[in-house]
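Here is the structure we will look at.
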Amino acid sequence: MTRKTVLNDSHRSLGAKMVDFGGWDMPLNYGSQIEEHHQVRRDAGMFDVSHMTVVDLHGARVRPFLRQLLANSVDKLKKPGKALYSCMLDPRGGVIDDLIVYFLADDHFRLVVNAATRAKDLAWIGEQAAGFGVDVVERPELAMIAVQGPNARDRVVALLREDDRERAAKLSRFAATQVQSASGAGLFVARTGYTGEDGFEIVLAEADAVGFWNALLQAGVKPAGLGARDTLRLEAGLALYGQDMDEDVSPYEAALGWTVTLDEGRAFIGREALERQQAEGAARQLIAVVMDERGVLRHGQRVLGASGEGEILSGTFSPTLGKAIAFARIPAGDPGEVRVDIRGREVPLRVVKFPFVRDGQAQPGVLA
């Protein structure tokens, strides 16, 4: 049965086109997907991300547990409120999921994991937590709204209780704090996001979500759907689980080696496999490509290069650049001249560094 977030009626009242997304009835767009994309890049937009899974971990040994569970090191989180992006791996080094972990107290951490992987994530986390005496508590009564864009933080801060505004305004990147809205709603405000723009991801009680969504609307923050969220995150060089990585892909093969911490004495799940791969070299690599000819790059298209044959992973038309962009996975080695097979025609691609877009502007070398 398709699940609905608490904001479902709000989306429909705004004229959203609704689609099934991982078993959830979610807004694809509210009109023009491209206008929603530009709204986030130029001003402020908001997304209902209440389908994401919030998991609270409690226990005296929660930090040792996370040291084993995650490829990145929670030892980097020294102050309550700080956050970390990491992959959660299986023993083969494959990515079970990517997630954000928040350090809230010595005996309390919070995870936010992907919606489509909820069941397997909860089963895996629960299985691994058993030996540490850690309580794994899913929080389905919470909603989440992401407010993103160059003016996003100012719009949110203006809706907070006056005593909380300065603290939220000064929040550093990848950090979170608990505040109240002017109407008294409790808000867990994190300076994180999935668009490449600044902003907040806000966790709050479902009972308060509609009221806060409406307050954001009245403050001039426009809603955006899954379509714009996908073009924004790909322009920003951010991977999508299930398309750019999965259990058959290691962080090194997904250009996520920067999320792996091989710190001394920490035996995290998948470490041995990653150390072998690091020593021997990964067999595959993720590259970013731009197509200067007209057309769209789509998942599954065949990619040809000097190092061998691969495929397009995430691909889309970039509204900011006016060109098709994509991630592709090909064999390791110098890719040389790269081409994509589009209905039997080989079209040249340019290999570029990602992100494609930063601070609303094309990165050097992305535009020919």
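Of everything listed in (1) surrounded by fewer than 18 Cβ atoms within 10 Å (Cβ to Cβ); (2) not hydrophobic (A, V, I, L, M, F, W, C); (3) not assigned by TED's automatic domain parsing to the domain that holds SER250, the single unmet condition for GLY315 is (1). Could you tell me whether VAL347 is among the β-branched types (Val, Ile, Thr) and not in a loop (DSSP other than H, G, I, E, B)? It is true that VAL347 is among the β-branched types (Val, Ile, Thr) and not in a loop (DSSP other than H, G, I, E, B). The single condition from (1) in contact with a Leu (Cβ under 7 Å, 6 or more places away or on another chain); (2) without any contact (Cβ under 8 Å) to a residue 24 or more places away in the chain that GLY184 fails is (1). Within the stretch 10-22, being loosely packed, with under 15 Cβ neighbours inside 10 Å and without any contact (Cβ under 8 Å) to a residue 24 or more places away in the chain holds for ARG12, SER13, GLY15, ASP20.
Within the stretch 62-115, the set of residues being under 19 Å from ARG271 (Cα atoms) and of a type in the set (D, E, K, R) comprises ARG63, ARG67, ASP75, LYS76, ASP90, ARG92, ASP97, ASP98. What are the pairs with Cβ atoms under 7 angstrom where one residue, in the stretch 313-325, is of a type in the set (D, E, K, R) and the other, located anywhere, is at pLDDT 95 or above? Sequence gap at least six, or different chains. Close Cβ pairs satisfying both conditions: LYS323/VAL290; LYS323/MET291; LYS323/ASP292. Only one of the listed residues (THR53, THR5) is buried (at least 18 other Cβ atoms within 10 Å of the Cβ), farther than 22 Å from GLY196 by Cα and of a type in the set (Ser, Thr, Tyr). That residue is THR5.
Just checking, which of GLU201, GLU206, GLU235, GLU166 is charged (D, E, K, R) and either out of contact with any Ser or Thr (no Cβ under 8 Å at 6 or more places or on another chain) or at pLDDT below 95 (or both)? First the steps, then the outcome.
Numbers: GLU201 fails: either out of contact with any Ser or Thr (no Cβ under 8 Å at 6 or more places or on another chain) or at pLDDT below 95 (or both); GLU206 fails: either out of contact with any Ser or Thr (no Cβ under 8 Å at 6 or more places or on another chain) or at pLDDT below 95 (or both); GLU235 fails: either out of contact with any Ser or Thr (no Cβ under 8 Å at 6 or more places or on another chain) or at pLDDT below 95 (or both).
GLU166 is the lone residue from the list that is charged (D, E, K, R) and either out of contact with any Ser or Thr (no Cβ under 8 Å at 6 or more places or on another chain) or at pLDDT below 95 (or both).
Return the residues of the stretch 137-166 that are within 22 Å of the chain's Cα centre (by Cα) and aliphatic (A, V, I, L, M); say none if nothing qualifies. VAL137, LEU142, ALA143, MET144, ILE145, ALA146, VAL147, ALA152, VAL156, listed by residue number.
For GLY193, the criteria (1) closer than 23 Å to LYS79 by Cβ; (2) among the small types (Gly, Ala, Ser); (3) exposed (fewer than 14 other Cβ atoms within 10 Å of the Cβ) hold in every case but one, which is (3). Of all residues in the stretch 248-271, those satisfying the criterion of being in contact (Cβ under 8 Å) with a residue 12 or more places away in the chain and either exposed (fewer than 15 other Cβ atoms within 10 Å of the Cβ) or not assigned by TED's automatic domain parsing to the domain that holds LEU70 (or both) are ASP248, LEU262, ASP263, ALA267.
The values are calculated or read from the model by the stated rules, or taken from the named source; none is laboratory data. Note that the structure is predicted; figures quoted are calculated from it, not measured. Positions of Cβ are generated from backbone atoms using ideal geometry, with glycine treated the same way; all protein chains shown enter the neighbour counts.
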